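All remarks here apply to the structure that follows.
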Amino acid sequence: MTDFSIVDVSPEHIDSILEIEKLCFSLPWNRSALENQMNAENCLFLAAVDREAVLGYIGLMTVIDEGYISNIAVARQYRRRGVADALIDALVEHTKDSLAFMTLEVRESNAPAVALYEKHGFVTVGTRKNYYENPKENARLMTLFFRPEDRDNADNVN
Ligand code: COA
């Protein structure tokens with residue numbers, strides 16, 4: 001088990017996050033996009049860190065009572081140690097009293113990420129055709145509902 005903590009992203013984390021973005025995604029976020037997310041009032045941007053490194057990060061943009069997970073990644077050498085679990089738990093803990101739901105898109109073929117979201121109670125609510133480029137692929141739209149009545153309605157649709 002890796003010993004790490006969850007902290008707000010600050011300027012000294014940005015270089016490491018940029019590197020992880022480049023290694024994980026075909027269209028990585030650039031420095032100014034990451035800095036905007038770090039500074040925006042309606043964004044929560046958390047990192048998992050140990051004494052030496054940034055292990056992973058998660059970003060959430062909120063509009064009134066809706067949350068949108070904009071990015072989540074864990075550096076390859078720290079995967080399967082509960083880092084993403086801890087990042088999602090922290091995000092939920094920060095927002096569950098103020099949000100109705102949080103939602104995200106994920107590549108249909110990204111089995112580890114889909115399993116991660118399902119483990120945390122996200123349900124599939126739709127598909128966005130050809131949403132991704134490089135390679136072109138559909139997105140699965142997944143949502144975590146915080147209000148029981150919304151969760152029940154979604155269960156009836158699925
Ligand atoms: N295969 C299947 N399920 C997996 C998995 C894998 N390789 N990796 C993670 N999971 C799921 C499991 O449900 C796991 O729970 P379990 O350990 O009880 O089985 C759960 O995720 C939590 O695992 P954790 O160790 O916290 O995940 P992680 O720190 O390795 O990070 C990702 C998971 C998806 C963030 C990581 O693989 C990653 O950074 N991938 C590249 C970036 C990416 O695809 N981001 C998502 C964009 S939508």
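At a glance:
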| item | result |
| --- | --- |
| Residue among I69, I64, I6 that alone is in contact (Cβ under 8 Å) with a residue 60 or more places away in the chain and either surrounded by fewer than 15 Cβ atoms within 10 Å (Cβ to Cβ) or among the aliphatic types (A, V, I, L, M) (or both) | I6 |
| Residue tally, condition out of contact with any Leu (no Cβ under 9 Å at 6 or more places or on another chain), within 12 Å of the ligand (Cβ to nearest atom) and of a type outside the set (D, E), over region 88-109 | 2 |
| Qualifying residue in region 52-74 (condition: within 14 Å of the ligand (Cβ to nearest atom) and charged (D, E, K, R)) | no |
| Some residue of region 111-119 being away from the ligand (no atom under 11 Å from the Cβ), over 15 Å from S26 (Cβ atoms) and under 15 Å from the mean Cα position of the chain (by Cα) | no |
| Failed item, numbered, when T124 is tested on (1) within 15 Å of the ligand (Cβ to nearest atom); (2) polar (S, T, N, Q); (3) closer than 25 Å to Q37 by Cα; (4) at pLDDT 95 or above | (3) |
| Qualifying residue in region 21-34 (condition: assigned to a strand (DSSP E or B), at pLDDT 95 or above and surrounded by 21 or more Cβ atoms within 10 Å (Cβ to Cβ)) | no |
| Count of region 112-158 residues which are among the acidic types (D, E) and surrounded by 15 or more Cβ atoms within 10 Å (Cβ to Cβ) | 1 |
| Residue within region 86-93 that is in contact with a helix residue (DSSP H, G or I) (Cβ under 9 Å, 6 or more places away or on another chain) and over 26 Å from E149 (Cα atoms) present | no |
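The values are calculated or read from the model by the stated rules, or taken from the named source; none is laboratory data. Since the model is a prediction, treat every value here as computed from it, not as a measurement. Positions of Cβ are backbone-derived with ideal geometry, glycine not excepted, and every protein chain shown enters the neighbour counts.
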